[in-house]
1. Pop the C-beta distance of SER39 and ALA65 into the FRET formula with R0 = 22 Å and round what comes out to the nearest 0.05.
2. What nm value, rounded to one decimal, do you get for the distance between ARG25 and ASP7 when each label is placed 7 Å out toward the C-beta?
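Read-outs throughout are calculated quantities, based only on the coordinates presented, and are distinct from any laboratory measurement. This structure is a prediction, so every number in the text was calculated from the model and none was measured. With ideal geometry, Cβ positions are generated from the backbone for all residues, glycine too; neighbour counts draw on all protein chains shown.
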Amino acid sequence: MSEQPDDLSLVLDIPVQVSVELGKRTIPIAEILALGPGSVVELGKAAGESLDVLVNGKLIARGEAVVMGEKYGVRITEVVSSALDTKNLFGAAANGGASGGENAA
């Protein structure tokens, strides 16, 4: 197995899924089935707590919600140090190998 150079230019144009997580909660299916217009699902995070910014399901940063015109955005307040490791962000593909199908939850 030969070592490939860390050349990010090879992956800079690849689109990735960016999502922002407001919070999480595990609830029984019965509660899901009871949801309707006006229902409120309480999340685990407190108001004002940082939002998680994920790229392809991996935490890369934290931030705060902002309103930009009529759309929402996220102001990054912290970059998770492991997010800067291309092996973690892009998996083995960044090093010339195939990904092992590893998913983060």
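1. Values: r = 21 Å, r/R0 = 0.98.
The calculated FRET efficiency here is 0.55.
2. 5.0
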